[in-house]
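Please read the structure below before turning to the comments.
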Amino acid sequence: MTLLTAFRRHLFITLGNTLPTYGPFNRMRASMFRKAGMAIGRDVTIIGPLNVELSLNEETIRGISIGDNVYLNADTRLACRNSRISIGDDVQVGPRVSFETATHGIVYEPELGRGLDHHEIRVGDKVWIGAGATILPGVTIHEAAVIAAGAVVTKDVPAYTLVGGVPARKIRDIEKSESPLQRHGAMA
């Protein structure tokens, strides 16, 4: 049964990644990944292919959680073997963004090498991650934060904050937008 389940996971991931990258296929892709066992919410658009940890074992697939109204642009990488990646609702992810949950030690130890460690990545609701950004192990990106294109995020990002650079640093706070009525003085 486990061999059949593994084959099913691989089949649906492969089918999802071979769909054309336009129109209705971008919504169908999410359905294929759901059938492979990923927790994916409603109204998710994935402009494939989606690069998932090569093992595609059940632990990896079940470690991926994607909320409602999420947009993942082309070539998003979700490397979450032995860990978790959770993406909240209303999140926009640019092309070539990489979520990396694994890391190695800095010190090389004879007979042991550098070792391997895994840490969860959490992305809050309403986050925007720009093209080519890399999110490293253990990072939490809080609500409505923005990650500039090409940033390498090595530590947590507070809510309503714009970060960018290598390593990513705070650029500025993001003001919560006013409603159109407040802008026109209709609300006191």
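A short reminder: the numbers here are calculations on the coordinates, not readings from a lab. Here the structure is a predicted model, which is why all the values come from computation and not from measurement. Here Cβ is always computed from backbone atoms with ideal geometry, including for glycine, and neighbour counts include all displayed protein chains.
Points to keep in mind about this one:
- Projecting the Cα atoms of GLY124, THR5, MET28 onto the dipole axis of the chain, where Lys and Arg carry +1 and Asp and Glu carry -1 at the beta carbon, places MET28 farthest toward the positive end.
- Estimated dipole of the chain in Debye, rounded to 20 [Cβ of Lys and Arg +1, of Asp and Glu -1, Cα centre]: 420 debye
- FRET E, pair ILE106, ASN57, Förster distance 41 Å, beta-carbon r, rounded to 0.05: 0.90
- Zone residues, segment 109-130, relative to ASP68, backbone N less than 17 Å from point 7 Å out along Cα-to-Cβ: 124-127
- Additional length obtainable on full extension of the chain from THR14 to ASP117, 0.36 nm per residue less Cα span: 34.3 nm
- Take every DSSP beta bridge whose two residues both sit in the chain; close to 20 percent of them are antiparallel.
- Structure remark: mean-square fluctuation, Gaussian network model of the chain, C-alpha springs under 10 Å; the largest value among LYS155, LYS176, LYS126 belongs to LYS176.
- Here's the list of aspartates and glutamates a cross-link from LYS155 could span, going by alpha-carbon distance under 17 Å and ignoring same-chain residues fewer than 8 apart: GLU100, ASP117, GLU120, GLU143, ASP173.
- Prolate/oblate/rounded call for the chain, Cα gyration tensor, a/c under 1.5 rounded: oblate
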